[in-house]
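Let me begin by presenting the structure, written as structure tokens, before commenting on it.
Just so it is clear, none of the values below were taken in a lab; they were calculated from the coordinates. Since this is a predicted model, take the numbers as computed values, not measurements. For neighbour counting, all protein chains shown are included, and Cβ atoms are generated from backbone atoms with ideal geometry for every residue, glycine included.
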Amino acid sequence: MTLSSADQIQLDTFWQHCLKHQYFNIGYPENADFDYSQLHRFLRFSINNCGDWSEHSNYVLNSFDFEKDVMAYFATLFDIHPEDSWGYVTNGGTEGNMFGCYLGRELFPDGTLYYSKDTHYSVAKIVKLLRIKCRAVESLANGEIDYDDLIAKIAEDGERHPIIFANIGTTMRGAIDNIATIQQRLQQAGIARQDYYLHADAALSGMILPFVDKPQPFTFADGIDSICVSGHKMIGSPIPCGIVVAKRENVERISVEVDYISAKDKTISGSRNGHTPMIMWAALRSYSAAQWRRRIKHSLSTAQYAVDRLQAAGIQAWRNDNSITVVFPCPSARIAKKYCLATSGDTAHLITTPHHQDNRTIDALIDEVIAETEPHAWRAKRGSDEQREGGAQVPAQVRVSNARFDVI
């Protein structure tokens, strides 16, 4: 490969841009703390995981053995026997969510998909692509699905086979829909377990909850039918990727024979990246469960540090339990742009992924937010309900307990 001098300059300029911003990201759930230099040599090969990793294929340059190990790891992590499960390494959370919704639709072709208004935007695309009936459900102030509204809309629709899309960590507020509560409410509504499908979008929190002392329900043992996790978020990857795990009995419904490769295919994309399973494999092999717990504990502690600093300045910051997403009133456009913050309406958040080994970036952001709001801080400290323009109220469902916010 030969590039012109102008092209080389463009590459070199982008290289410097990447070096400058490698560990800067604080507004989005992306972990940049990784080193896959041992895998660099494999970039010279066109590795294609075409079809089902559990099937023999005529296309031999694949990383199926690595993918098999990755899926066995996540099956165990999510409390389902590997032989009773099937899943694969995806291009990211959207594909994992589509796969879960696809299985739900195949199980209940006339079923309606119910999801909260805090659900990731990918669902809006998925319902169009799958042409599945859907209904948006209200959210509680902390971002959880409104369980009363969920049951009310299912009853209003006369839906006998609802497909439930549960968030295990919402995009903006890091809220976790309570799987146990959803199932309890469905049972009370007279809907038997075999008559609904429950998909869990655990893009970020799927690699947090398994390593905390008191996780909310989120596994197959808790009643889910499928779950997806992103690889480039808590795990960390130079290439967007993820995994999806589902019950094998449901997956068999969508299996297709492909004579072109002499194998079956249960995936959505068919030809798949063969390098990302190796990336996931290397990451999972590099850290023990104890090391993951330490990494998660550090990220949660850093999130609480940010909450404490903002609250001490009179800024109404908070986070959900077991969440590394810190929610606070949206700052000026200048600050949001400078720190690449994710914003929605009058709300912003920062996310303390593992590459924030120290608090320098977080402190710099908070210092600017405090400086911008200082003229108004005295009002909050005196208990006033007045907010600066563009500010956000602490959710009514959240209370202060021992210097932190806990969901009631």
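Just a few scattered comments:
- C-alpha center-to-center spacing [the stretch 312-368, the stretch 87-158] in angstrom: 28 Å
- Per-residue Cβ neighbour counts within 10 Å put His232, His161 in the sequence His161, His232, beginning with the fewest.
- Cα shape, the stretch 127-246, gyration tensor, a/c 1.5 rule: prolate
- For the stretch 290-336: rounded, prolate or oblate by the Cα gyration tensor [a/c cutoff 1.5]: prolate
- Beta bridges from DSSP with both residues in the chain: antiparallel share about 65 percent, rounded to the nearest 5.
- Sparse-neighbour loop sites [trypsin sites (Lys or Arg not before Pro); the stretch 246-340; at most 13 other C-beta within 10 Å; DSSP]: none
- Packing, taken as the mean count of other beta carbons within 10 Å per residue, orders the peptides 16-22, 322-328 from highest to lowest as 322-328, 16-22.
- Counting only Cβ charges, +1 for Lys and Arg and -1 for Asp and Glu, the dipole size of the chain around its Cα centre is about 660 debye.
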